[in-house]
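One structure is given below, encoded as structure tokens.
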Amino acid sequence: MKHLLIRIIFPALVLCQLAAAQQNGHQIFLVREAETAAPGDSPLAPPGTQRAQCLLQTLKDAGIKQVLIDPTKSAQQTADPLAKALKISPVTIPAIQTQNVVRNLVYGSAGNAIFVGNPTTLTTVIQLLHAGTIKPIAANEYDKMFLITISEGAATPVVTMRYCSSGSSAAPLPATTTPANPRKPGSKPATKKP
């Protein structure tokens, strides 16, 4: 029963977010690269390959028009099944160029986008989008997905979800984010006047 509710609630949440985004903006999905066989820049382990396939099943109907990845084998292999199914060539952007990632996510296409990267880069991208803050991603947390809506150049607060966890289902997490005031990425925060 629990898994049935999760399978119904998550798609409904995503569809509501997508409907709102299609009116004025688009969705950005951010995911960590899947489990690897060894530390460093190595290929995916079997659980990582399964997670990449689950990512495909989770987002195949999400209107993804752009796939961005960091330059690791694991990020490429995590995004590959989804990119191939959607017939999209992933754009590789070095992790040190997070400003380019943000620019491409916000202005790069007329549709939804996904970025697959390492935990540090994901955290930085969320901060640069002014979408709030997230709890640190633990070394063994591979099932978090972050969702941000861009509308009229401003980001909504990040929504943290889980996908393809132990039951291969996705569900929203309780509110664990710190909302930020929506403003255009790259703009400076308003200062209070004395």
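To make sure I understand, if each residue's beta carbon is the centre and we count other beta carbons within 10 Å, what order do SER42, SER74 fall in, fewest to most?
Working: SER42 14, SER74 26.
Going from least to most buried by this count: SER42, SER74.
LYS87: net charge of surrounding residues, Cβ under 15 Å, Lys/Arg +1, Asp/Glu -1, itself excluded? Walk me through the intermediate numbers first.
Numbers: positive: LYS60, LYS65, LYS84; negative: ASP61, ASP80.
Around LYS87, the surrounding residues sum to +1.
To the nearest 0.05, how large is the calculated FRET efficiency for ALA85 and ALA38 if R₀ is 41 Å and r is the Cβ-Cβ distance?
0.90
How much length is gained on full extension from GLU152 to THR92, taking 0.36 nm per residue of separation minus their Cα-Cα distance?
On the way: separation 60, 0.36 × 60 = 21.60 nm, distance 2.57 nm.
Going from the current span to full extension adds 19.0 nm.
The numbers here are math on the coordinates, done by the rules we state, and not lab data. For clarity, every value in this text was computed on a predicted model and none was experimentally measured. With ideal geometry, Cβ positions are generated from the backbone for all residues, glycine too; neighbour counts draw on all protein chains shown.
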